[in-house]
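Written below as structure tokens is the structure these notes are about.
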Amino acid sequence: MPTLRPRFITFDCYGTLTWFRISDMAREMFATCLPGDRIDQFVADFAAYRFDEVLGAWQPYVDVIKNALERTCRRHHITFVEADGQRIYDAVPAWGPHPDVPPPLRRIAEHIPLVILSNASNDQIQHNVDKLGAPFHAVFTAEQAQSYKPRMRGFEFMLDSLGAQPADVLHVSASLRYDLMTAHALGIRDKAYINRSYEPSVPYYGYHEMRDLSGLPALVGL
């Protein structure tokens with residue numbers, strides 16, 4: 001494995017660093033409404049609609065969740081209750097990191113500035129960042145950029161704010177669809193895919209793949 005020396009290491013937060021429990025929560029909330037085979041499809045559809053909701057103009061993240069949940073409920077012929085979407089949104093700030101995250105972050109932060117680019121609202125993100133156990137140089141949200149990943153604008157906002165070029169960063173994510181495909185298109189050569197089994201690996205996009213964050217220090221020679 002080659003040693004990379006980026007000016008910044010930039011991270012997706014939810015799913016990559018923070019244990020994003022939105023699918024688990026949806027499964028718990030709607031399990032009594034659907035038999036076992038249908039709840040799996042419900043959870044998959046909810047994820048797909050959330051992705052679709054972030055492809056257009058920016059909207060508050062609470063609306064992303066509520067709109068996606070409403071569309072999922074309609075597809076499965078379940079009555080949508082707005083309070084269910086609010087309940088999911090309100091739970092997000094309480095979620096902490098995957099167990100493998102804090103030690104390598106602390107180790108790397110002593111040598112390389114850490115940055116987050118997250119599809120989050122401003123009132124959520126710091127609660128989650130505070131639980132990661134390491135200092136971050138900067139945290140950027142979709143609300144600040146007025147654009148969600150996988151659109152390019154958020155990445156451009158982050159790079160401009162850092163005074164950085166694509167060659168200056170190593171971008172780390174557990175999602176190809178939300179992050180690494182866009183990073184590839186923008187010319188970010190150095191990428192790390194944390195394969196948490198959310199999506200299949202697609203080596204075409206030119207990343208260093210690892211099963212969890214514990215392999216990241218070695219990638220940057222630490």
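The values are calculated or read from the model by the stated rules, or taken from the named source; none is laboratory data. This structure is a prediction, so every number in the text was calculated from the model and none was measured. Reconstructed Cβ throughout: ideal geometry from the backbone, glycine too, with neighbour counts over all protein chains shown.
Of everything in the range 78-119, what is aromatic (Phe, Trp, Tyr), within 15 Å of residue 23 (Cβ to Cβ) and without any contact (Cβ under 8 Å) to a residue 60 or more places away in the chain? Give them in sequence order.
Taking the range 78-119 as the starting set, the residues that turn out to be aromatic (Phe, Trp, Tyr) are 80, 89, 95.
Retained after the next criterion (residues that are within 15 Å of residue 23 (Cβ to Cβ)): 89, 95.
Correct list: 89 only.
Can you find, within the range 36-77, the residue that is nearest to residue 147 (Cα to Cα) among those that are in contact (Cβ under 8 Å) with a residue 60 or more places away in the chain and not in a helix (DSSP H, G or I)? Write out each step before concluding.
Initially, the range 36-77 is screened for residues in contact (Cβ under 8 Å) with a residue 60 or more places away in the chain, giving 51, 54-55, 58, 60-61, 64.
Keeping just the survivors that are not in a helix (DSSP H, G or I) gives 54-55, 58, 60.
On the way: 54: 8, 55: 9, 58: 5, 60: 10 Å.
It comes out as 58.
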Residue by residue through the range 102-156, note down the ones that are in a loop (DSSP other than H, G, I, E, B) and among the charged types (D, E, K, R). 110, 130, 131, 149, 151
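If I filter the range 2-17 down to residues being of a type in the set (A, V, I, L, M, F, W, C) and in a loop (DSSP other than H, G, I, E, B), which single residue comes out as surrounded by the most Cβ atoms within 10 Å (Cβ to Cβ)?
So the first thing to find is which residues in the range 2-17 are of a type in the set (A, V, I, L, M, F, W, C), and the list is 4, 8-9, 11, 13, 17.
This time we only want the ones that are in a loop (DSSP other than H, G, I, E, B), so: 4, 13, 17.
Values: 4: 17, 13: 24, 17: 31.
If we take residues in the range 2-17 being of a type in the set (A, V, I, L, M, F, W, C) and in a loop (DSSP other than H, G, I, E, B), then 17 is surrounded by the most Cβ atoms within 10 Å (Cβ to Cβ).
Taking the stated definitions as given, is residue 142 farther than 26 Å from residue 99 by Cβ, of a type outside the set (Val, Ile, Thr) and touching a residue at least 24 places away in the same chain (Cβ under 8 Å)?
Details: farther than 26 Å from residue 99 by Cβ: yes; of a type outside the set (Val, Ile, Thr): yes; touching a residue at least 24 places away in the same chain (Cβ under 8 Å): yes.
In short, yes.
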Taking the range 157-205, which residues are free of Cβ contacts under 8 Å to residues at least 40 places away in the same chain, under 13 Å from the mean Cα position of the chain (by Cα) and in a loop (DSSP other than H, G, I, E, B)? 195, 199
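Residue-wise test of (1) in contact with a Phe, Trp or Tyr (Cβ under 6 Å, 6 or more places away or on another chain); (2) among the polar types (S, T, N, Q); (3) surrounded by fewer than 21 Cβ atoms within 10 Å (Cβ to Cβ).
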position	(1), (2), (3)
60	no, no, yes
65	yes, no, no
74	no, no, yes
94	no, no, yes
98	yes, no, yes
101	no, no, no
113	yes, no, yes
154	no, no, no
Please tell me if residue 121 is at pLDDT 95 or above, of a type in the set (S, T, N, Q), in contact with a helix residue (DSSP H, G or I) (Cβ under 9 Å, 6 or more places away or on another chain) and farther than 28 Å from residue 46 by Cα. no
